[in-house]
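Remarks on the structure that follows.
The values are calculated or read from the model by the stated rules, or taken from the named source; none is laboratory data. Keep in mind the model is a prediction, meaning the values are calculated, not measured. For neighbour counting, all protein chains shown are included, and Cβ atoms are generated from backbone atoms with ideal geometry for every residue, glycine included. Quick note on the areas: whole protein, heavy atoms, side chains included, nothing else; ligands and nucleic acids left out. Shrake-Rupley method; radii C 1.70, N 1.55, O 1.52, S 1.80 Å.
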Amino acid sequence: METRFLGIPELAEAPSVAVVVDVMRAFTVAAWAFARGAEKIVLAESPEDALALKARHPGWVALKDGPPAPGFDAVNSPGLLRSADLAGRTVVQKTTAGTVGALAVREASLVLCAGFVVAEATARVLRTRGCDRVTFVVTGEGGRADEDLACAQYIALRATGTGTEATDFLRRAAASRAAAELAEGVRQGVHPDDVALCLELDRFPFAMVATSEDSLMVLRPSVRSAGPDR
Ligand SMILES: O=C(O)[C@H](CS(=O)(=O)O)OP(=O)(O)O
Ligand SMILES: [Mg+2]
């Protein structure tokens, strides 16, 4: 498998297969939303778009990063979301890095959104589909966020089938700037358990696939299909 690791500003043309990584916190939050019963997540272009979508669909749950904001129902925190009842709900998510990265590769034929909590499930999709060229989008800090790069490198190694040990990759993520900012209260809309929740390896058995639906980019969980792994 040929892999490359790019920041959002480095995405020149649409890749064929993209794995968009945001460990802290967008795609850990997305995975928790599905675990709490959400049917789908619409990735919004802007806070204004998120609110406009919610205005058209009052039953939808609008979520954005930063502090609680008027019109929004939730913040981008796994610790705060893990007790929410989202059964059957549609979540509209807008964050600084993760959702922007996914929208930047919306023309790709396969878009997976990932963090450590869905690492093995994501790698399995790449293996079973026999993807030979994969672009990992390292969403944080213009491509330099080490929590995202470490997770991307780990998934890439798992996808090639090698028995990669996760410890060093998780250690890098735990030592990242994002982890420090979350722990020190620099970032807002934070629960004390957020960093630990973002570092839970393979907490969930599903991968997360984003596709275009009616001009929106929609993320859904993808449970392992029957049949042999390759
Ligand atoms: O909510 C987060 O952790 C960040 C927001 S920021 O980097 O603190 O501004 O967003 P994400 O897109 O999940 O990295
Ligand atoms: Mg991030």
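Only residues that are over 13 Å from GLU107 (Cα atoms) and open to solvent by 70 Å² or more (accessible area, probe 1.4 Å): list them for region 6-29, please.
PRO9, GLU10
Inside region 30-50, can you point out the residues that are acidic (Asp, Glu) and either within 16 Å of ligand 2 (Cβ to nearest atom) or open to solvent by less than 10 Å² (accessible area, probe 1.4 Å) (or both)?
none
Go over the candidates ALA97, ALA108, ALA62, ALA84 one by one and state the one that is among the aliphatic types (A, V, I, L, M), within 13 Å of ligand 1 (Cβ to nearest atom), crowded, with 18+ Cβ neighbours inside 10 Å and modelled with pLDDT of 95 or more.
Going through ALA97, ALA108, ALA62, ALA84 in turn, just one is among the aliphatic types (A, V, I, L, M), within 13 Å of ligand 1 (Cβ to nearest atom), crowded, with 18+ Cβ neighbours inside 10 Å and modelled with pLDDT of 95 or more: ALA97.
Modelled with pLDDT of 95 or more and more than 16 Å from the chain's Cα centre (by Cα): which single residue out of LEU197, LEU216, LEU201, LEU149 fits that description? Even if it seems obvious, please write down each step before you answer.
On the way: LEU197 fails: more than 16 Å from the chain's Cα centre (by Cα); LEU201 fails: more than 16 Å from the chain's Cα centre (by Cα); LEU149 fails: more than 16 Å from the chain's Cα centre (by Cα).
Going through LEU197, LEU216, LEU201, LEU149 in turn, the sole match is LEU216.
I'd like the residue in region 161-183 that is among the β-branched types (Val, Ile, Thr) and surrounded by fewer than 14 Cβ atoms within 10 Å (Cβ to Cβ) and, out of all such residues, is modelled with the highest pLDDT.
This residue is THR167.
Going by the conditions given, is VAL92 within 17 Å of VAL218 (Cα to Cα), more than 16 Å from ligand 2 (Cβ to nearest atom) and open to solvent by less than 20 Å² (accessible area, probe 1.4 Å)?
yes
In this structure, is ARG124 surrounded by fewer than 18 Cβ atoms within 10 Å (Cβ to Cβ), modelled with pLDDT of 95 or more and over 23 Å from THR90 (Cα atoms)?
No.
Out of contact with any Phe, Trp or Tyr (no Cβ under 8 Å at 6 or more places or on another chain), farther than 15 Å from ALA114 by Cα, of a type in the set (D, E, K, R) and away from ligand 2 (no atom under 15 Å from the Cβ) - does that describe any residue in region 142-162?
Within region 142-162, none of the residues are out of contact with any Phe, Trp or Tyr (no Cβ under 8 Å at 6 or more places or on another chain), farther than 15 Å from ALA114 by Cα, of a type in the set (D, E, K, R) and away from ligand 2 (no atom under 15 Å from the Cβ).
Exactly one condition in (1) open to solvent by 50 Å² or more (accessible area, probe 1.4 Å); (2) in contact with a helix residue (DSSP H, G or I) (Cβ under 9 Å, 6 or more places away or on another chain) is not met by ALA69; state its number.
Tallying (1) open to solvent by 50 Å² or more (accessible area, probe 1.4 Å); (2) in contact with a helix residue (DSSP H, G or I) (Cβ under 9 Å, 6 or more places away or on another chain), ALA69 fails exactly one: (1).
Mind checking which helices (runs of 4 or more DSSP H) fall wholly inside region 131-216 and carry at least 3 residues that are small (Gly, Ala, Ser)?
Values: elements: 146-159, 167-174, 177-184, 194-198.
So the answer is 146-159, 177-184.
For region 184-212, what are the residues that are open to solvent by 30 Å² or more (accessible area, probe 1.4 Å), in contact (Cβ under 8 Å) with a residue 24 or more places away in the chain and of a type in the set (Asp, Glu)?
Passing the criteria: ASP193, GLU200, ASP202.
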